[in-house]
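Rule-based calculations on the coordinates, nothing more; no lab input. Only a predicted model underlies this, so the values are computations on that prediction, with no experimental measurement involved. We place every Cβ from the backbone using ideal geometry, glycine too, and count neighbours over all the protein chains shown.
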Amino acid sequence: MGKMTRLTVTLDPAVYEWVTRAAAAEGRSVSQVINRAVRSDLVRNSLAQLPIQPEEDALAAVAAEAELRYSDGGGS
């Protein structure tokens, strides 16, 4: 991991209780639990922004690419 930045946050009492219990159960610090939750949320949000391609379209695109490579002399 790269350079760390210190950040102070204010948590709702119920959230703080959940975080401290999760940290104790996992043998981790409150900071580690919060960092993991933020990273997970950022990844989830990033994935949610990706366009969803139906499986049939994805398979057709792969087949078309393979056919193009073969016809260009890339196949054996």
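In what sequence do ILE34, ILE52 fall when counting other Cβ within 10 Å, fewest first?
Exposure proxy ranking, most exposed first: ILE52, ILE34.
If I fit a long axis through the Cα atoms of helix 55-69 and take the longest principal axis of the Cα atoms of the chain, what angle between them do I get, 0 to 90°, rounded to 10?
50
Can you tell me the 0 to 90 degree angle between the C-alpha axis of helix 30-48 and the longest principal axis of the chain, rounded to 10?
30
Calculate how steeply helix 13-26 sits against the longest principal axis of the alpha-carbon atoms of the chain, using the helix alpha-carbon long axis, and give the answer as 0 to 90 degrees to the nearest 10.
70
Cβ under 14 Å from SER29's Cβ, SER29 left aside: what net charge do those residues give with Lys, Arg +1 and Asp, Glu -1?
+3
Running Debye on the chain with equal point scatterers at the Cα sites and no solvent, what base-10 log of I(q)/I(0) appears at q = 0.19 Å⁻¹?
The Debye formula, applied to the Cα set alone, gives -0.91.
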